[in-house]
Amino acid sequence: MAIAFSKYHGLGNDFILIDNRDRPEPYITPEQAVRWCDRNFGIGADGVIFLLPTSDPNSGSYRMQIFNSDGSEPEMCGNGIRCLAKFMQDLGIEPVEGKYEIQTGAGKIVPQLDADGQVTVDMGEPVLLAAEIPTTLGEPQSKVINYPLEVDGKTWAVTTVSMGNPHCITFVPDVASIPLKELGVKFEHHPAFPKRTNTEFIEVVRPDYIKMLVWERGAGATLACGTGACASLVAGVLNNLCDRLCTVNLPGGDLRIHWSAETNHVLMTGPAQKVFAGEIE
Ligand SMILES: N[C@@H](CCC[C@H](N)C(=O)O)C(=O)O
């Protein structure tokens, strides 16, 4: 059977999008997703994203499901949901007052199509308690801020934040000096993270401008990570290093992140672009 797909990216974090509105289960298995994501033998992507019918209209009009390039299933994807919003627009799905309400593994997430072509996403509230990240660092009902973690023979001061998916953030003097591939995999599989973790290395250039390198759970080094940028800004505020409105510079470009003091919600603004479409057996 030939399956139609579209390829999109958000700052080089790239995804295969499938219009899966006619059935509640994804068209392809996690094993097929691994093959499709392969950059030599497949289409090539950091993940596959499905636009599905909602299973709970109170949580959104449509549902987003994701497979990472290793076939694992994350709860949420920030760059991915901006791509999904553009995909929905390209499919002719009308937003309500410019917004879509999407059911995700992190609850209802609301992307909005901006007049300048960017997408602003209400990413909801960050989750800070250790048991809910989840991490075994610290006390289960406490926040993990600037906490020592032994990785690769070195002690890192880490802060953990969930944006639906787990993130471990560490502030470093210079991101250019980080051997991402060697370290990232060790953080990802550290026993302190029972569901593995995404890891962000952050250099604070100014309180309103930070540089980020990311190692994603299930995808490795990527050019950008939306949930990671949100989690890093939250960690920066918790460590008194960042303003609540901040530009996060990633290898693929910039995201604007705002952690609202009024609503406690995190807002993310950035681009999403279609690259090509096709059919695959
Ligand atoms: N690239 C994404 C995050 C995708 C999921 C992540 N790899 C995980 O397993 O949690 C983003 O832009 O947020």
### Task
May I ask you to order 228-237, 163-172, 120-129, 260-269 by the average number of other C-beta atoms within 10 Å around their residues, highest value first?
228-237, 163-172, 120-129, 260-269
### Message
With 10 angstrom as the radius, rank Leu223, Leu255 by how many other C-beta atoms surround their C-beta, starting from the fewest.
### Response
Leu223, Leu255
### When the chain is reduced to its Cα atoms, the Kirkwood hydrodynamic radius in Å
18.7 Å
### Query
With respect to the cross-link table entries Lys154/Lys181; Lys86/Lys274; Lys7/Lys99; Lys181/Lys211; Lys99/Lys211, which display a Cα-Cα separation exceeding 19 Å?
Lys7/Lys99; Lys99/Lys211
### Message
5 Å is the cut-off here: which amide hydrogens, built 1.01 Å from N in the peptide plane, fall below it relative to Asp14, excluding neighbours closer than 5 in sequence?
### Response
Asp46
### Query
Do the sum for the chain: with -39,500 (n - 2.57) for every DSSP H run of n ≥ 4, divided by all residues, what is the mean residue ellipticity at 222 nm, to the nearest 500 deg cm²/dmol?
-4500 deg cm²/dmol
### Message
How much of the DSSP bridge set in region 130-264 is antiparallel, in percent, rounded to the nearest 5?
### Response
75 percent
## Note on the structure
From the Cα centre of region 257-272 to that of region 174-250, the distance in Å is 17 Å
#### Entry: Burial ranking of peptide ranges 67-77, 50-60 (average Cβ count within 10 Å, highest at the top)
67-77, 50-60
#### Entry: Vicinal HN-Hα couplings computed from phi for region 234-250 (Karplus, 6.51 cos²θ - 1.76 cosθ + 1.60; Hz; Gly/Pro x)
4, 4, x, 5, 4, 9, 6, 10, 10, 6, 6, 10, 8, 8, 10, 8, 10
## Note on the structure
The answer for His265, listing residues at least 5 apart or on another chain whose modeled amide H is closer than 5 Å to its amide H, is Ser260
### Summary
Output for region 130-264 (equivalent-ellipsoid semi-axes, sqrt of 5λ from the C-alpha gyration tensor, Å, descending) is 20, 18, 13
## Note on the structure
Rounded to the nearest 0.05, FRET efficiency between Gln118 and Glu139 (Cβ-Cβ, R0 45 Å) equals 0.70
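Bear in mind that the values in this text are calculations on the coordinates, not laboratory data. Not measured: the values here are computed from a predicted model. Positions of Cβ are backbone-derived with ideal geometry, glycine not excepted, and every protein chain shown enters the neighbour counts.
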